[in-house]
């Protein structure tokens with residue numbers, strides 16, 4: 001408890017600094033509203049439900065896109081690692097798609113799906129696909145051959161070989177890819193909602209900024225930061241749990 | 001995060017030669033991309049999908065040709081790259097020294113580590129309205145935006161890189177009489193370089209992602225800005241051409257970073273193995 005307090009004390013110092021420079025007029029309030037007014041706006045938005053409603057919209061889009069990317073990315077990566085012919089066909093496509101800055105797909109999904117949820121889900125899916133694919137591919141390629149041979153000689157069926165030997169052995173690297181993918185999901189969610197949407201946290205930030213409601217805008221941004229941070233922490237806990245057998 | 005960097009570095013041909021005649025493999029490798037192009041051409045030819053959703057391939061190719069010849073591509077790409085690279089350079093100039101300091105100076109580590117652990121998973125584009133408020137809608141705010149988006153990755157890589165340097169290397173150098181500066185510049189920094197470069201290889205594509213989104217939000221031309229304009233005019237040919245152009249710019253950036261890595265790590269076992 002105390003260790004955690006000491007660890008995160010710098011954030012409190014930053015918060016105090018923020019309040020001080022704005023209260024003392026060192027930084028004009030038009031540029032940076034005092035932290036206390038931001039917190040008041042935050043509580044207000046929590047009370048009237050705007051924050052929760054928009055966060056739920058964003059969460060739904062992010063979760064749907066990320067979950068489908070994890071499933072498809074894993075299958076694609078495992079297929080590429082285990083089937084050389086499939087790799088030969090899919091590899092160049094992956095290599096061509098890899099360097100594309102994925103926000104370039106925002107106008108494309110707008111053309112295809114309009115302003116609704118589907119476009120954002122597809123964007124997040126496409127953006128998170130390759131981190132999962134590549135980490136799965138590299139993870140499975142890196143599995144110790146001896147493990148595979150032993151399992152095979154002990155009579156493991158291909159399915160068991162994949163799920164009980166290769167998947168656990170590749171898991172550390174796959175989880176690293178999933179962490180990247182989660183961060184990408186948040187980034188693309190905010191980007192697409194800022195650029196065009198009718199609801200969601202990104203839309204909330206953009207529209208509050210356009211209306212000059214800066215304390216509320218800062219409050220919405222703090223919410224997004226907190227969600228990203230806790231998602232990442234939660235992910236770290238989950239990884240540690242899944243890898244507990246490694247000792 | 002390293003996973004992505006590794007695929008870009010895979011020795012391509014060595015792997016294939018094992019699996020059969022080179023020609024058959026080349027045909028297989030080309031079949032994926034050719035298949036996509038053929039499917040695209042067929043869809044356009046027979047009007048299977050509304051041309052607005054999937055414009056005909058020749059129209060997109062023609063648009064690409066026009067952009068190339070008119071210099072439109074060069075100007076937009078230069079603008080996008082300039083802002084993305086300026087932000088990236090700023091992130092390196094701040095992030096690398098700061099990351100090294102974190103691992104070397106306790107107090108700095110205590111203060112900066114929690115900030116990085118919050119900043120690292122933050123969808124930094126959420127700060128865009130703040131930077132617009134502070135720095136306006138022109139180049140400066142976009143450069144600050146890309147710098148802010150990539151700096152945490154750079155800090156984390158520089159920190160982990162210097163932290164992971166083998167003690168024995170440092171001790172040996174010290175016992176051979178190397179001074180503090182010499183140990184730092186001739187032992188610590190080279191030993192940490194591979195991991196720092198891995199971080200930069202993740203950060204540079206991120207800079208492009210954020211730069212493109214910033215252009216879409218603030219305008220100011222560049223490839224991303226032009227794509228959103230095309231979208232607003234319902235010019236789907238322009239959107240498709242923009243995607244191809246951005247993929248090309250991204251590929252150049254990724255390849256450039258890989259070249260830089262090879263150059264800087266000439267002495268390293270990783271390069272010799274190639």
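The values are calculated or read from the model by the stated rules, or taken from the named source; none is laboratory data. In this text, all values refer to a predicted model and were calculated from it rather than measured experimentally. A quick note on method: Cβ atoms are made from the backbone with ideal geometry, for glycine too, and the neighbour counts reach across all protein chains shown.
Observations on the model:
Rundown of residues vs (1) within 13 Å of chain B (Cβ to nearest Cβ); (2) within 24 Å of residue A:185 (Cβ to Cβ); (3) touching a helix residue (DSSP H, G or I) at 6+ places or on another chain (Cβ under 6 Å); (4) surrounded by 15 or more Cβ atoms within 10 Å (Cβ to Cβ), yes/no style:
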{"residue": "A:3", "(1), (2), (3), (4)": "yes, no, no, no"}
{"residue": "A:10", "(1), (2), (3), (4)": "yes, no, yes, yes"}
{"residue": "A:18", "(1), (2), (3), (4)": "yes, no, yes, yes"}
{"residue": "A:26", "(1), (2), (3), (4)": "no, no, no, no"}
{"residue": "A:30", "(1), (2), (3), (4)": "yes, no, no, no"}
{"residue": "A:33", "(1), (2), (3), (4)": "yes, no, yes, yes"}
{"residue": "A:37", "(1), (2), (3), (4)": "no, no, yes, yes"}
{"residue": "A:42", "(1), (2), (3), (4)": "no, yes, yes, yes"}
{"residue": "A:50", "(1), (2), (3), (4)": "no, yes, no, yes"}
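- The set of residues in the stretch A:204-224 being surrounded by fewer than 18 Cβ atoms within 10 Å (Cβ to Cβ) and part of a helix (DSSP H, G or I) consists of A:210, A:222.
- Members of the stretch A:90-134 that are without any contact (Cβ under 8 Å) to a residue 12 or more places away in the chain, surrounded by fewer than 24 Cβ atoms within 10 Å (Cβ to Cβ) and part of a helix (DSSP H, G or I): A:91, A:92, A:93, A:95, A:96, A:108, A:111, A:112, A:113, A:118
- A single entry from B:40, B:16 fulfils the requirement of being touching a helix residue (DSSP H, G or I) at 6+ places or on another chain (Cβ under 6 Å), at pLDDT below 85 and within 30 Å of residue B:204 (Cβ to Cβ): B:16.
- Top-ranked residue in the stretch B:196-225 [being more than 14 Å from chain A (Cβ to nearest Cβ), in contact with a helix residue (DSSP H, G or I) (Cβ under 6 Å, 6 or more places away or on another chain) and part of a helix (DSSP H, G or I); ranked as surrounded by the most Cβ atoms within 10 Å (Cβ to Cβ)]: B:196
- Qualifying residues in the stretch B:138-165 (those that are over 22 Å from residue B:204 (Cα atoms) and either in contact with a helix residue (DSSP H, G or I) (Cβ under 6 Å, 6 or more places away or on another chain) or modelled with pLDDT of 95 or more (or both)) - the one nearest to the other protein chains (Cβ to nearest Cβ): B:163
- Residues that are crowded, with 20+ Cβ neighbours inside 10 Å and in contact (Cβ under 8 Å) with a residue 24 or more places away in the chain, drawn from the stretch B:226-236: B:226, B:236
- The sole residue among B:258, B:192, B:241, B:269 that is touching a residue at least 12 places away in the same chain (Cβ under 8 Å) and either under 21 Å from residue B:62 (Cα atoms) or over 23 Å from the mean Cα position of the chain (by Cα) (or both) is B:241.
- Residues located in the stretch B:126-137, provided they are within 11 Å of chain A (Cβ to nearest Cβ) and touching a residue at least 24 places away in the same chain (Cβ under 8 Å): B:128, B:132
- Of the set (1) surrounded by fewer than 16 Cβ atoms within 10 Å (Cβ to Cβ); (2) modelled with pLDDT of 90 or more, all apply to residue B:112 but (1).
- The lone exception for residue A:25 - which of (1) over 30 Å from residue A:218 (Cβ atoms); (2) more than 27 Å from the chain's Cα centre (by Cα) it fails: (1)
- Subset of the stretch A:221-235 (residues that are under 12 Å from residue A:179 (Cα atoms) and touching a residue at least 24 places away in the same chain (Cβ under 8 Å)): A:228, A:231, A:232, A:235
- Any hit, the stretch A:186-200, residues being closer than 16 Å to residue A:64 by Cα, in contact (Cβ under 8 Å) with a residue 12 or more places away in the chain and more than 10 Å from chain B (Cβ to nearest Cβ): yes
- Test: residue in the stretch B:238-253 that is facing chain A (nearest Cβ under 9 Å) and closer than 22 Å to residue B:152 by Cβ: yes
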